[in-house]
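Novice: For reference, the structure I am asking about is given below.
Each value in this text was obtained by applying a stated rule to the coordinates, not by laboratory testing. As the structure is a prediction and not an experimental result, all values here were calculated from the model.
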Amino acid sequence: MASQRRQQQQQQAGTAPAPAPVGFEDYLPVMAERLGEEGLMRELASGFRLLMDPARGLITFDSLRRSAPLLGLGAMSDDDLSGMLAEGDFDGDGALSEMEFCVLMLRLSPELMDGPRRWLDDAVAQASQFLFTS
């Protein structure tokens, strides 16, 4: 109660701490829940098309640099943008294909994998129980 009152006073005085920025990974599970699997994949594909270089059909460093301000990433350094590309670049061509982009987006939101991971754990437990009690 006292902390709530202190927070309200800080907000009124303009000295309250700024709220933490909300990242993409915070929204992805909500999007997945609302859109379903197919809807989420359509949205990711749309995001890919927004960022890609139309001539190459890939997200390149230059296309990412051009799109960065639209995503609120305009202040990112070239090294940071290169790092983002490298994190998802599985084939080492220096760019992201649509598949690499989708995999990267899902990897950035591990919460999405909680359900499938539980299903896998349950299936392994059931298989183990069947194998070792038969």
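Novice: For D53, enumerate residues with amide H under 5 Å from its amide H, sequence gap 5+ or separate chain, H modeled in the peptide plane.
Specialist: Here L58, I59, T60 satisfy the definition.
Novice: Also, I was wondering about something else. Give the relative contact order (percent, whole number) for region 30-109; include only Cα pairs under 8 Å separated by 6+ residues.
Specialist: About 26 percent, as a whole number.
Novice: Right, next: How much of the pair distance distribution for region 30-109 lies past 20 Å, counting alpha-carbon pairs only, in percent? Write down the numbers at each step before the final one.
Specialist: Details: 956 of 3160 pairs.
Taking all Cα-Cα pairs of region 30-109, the fraction more than 20 Å apart is 30 percent.
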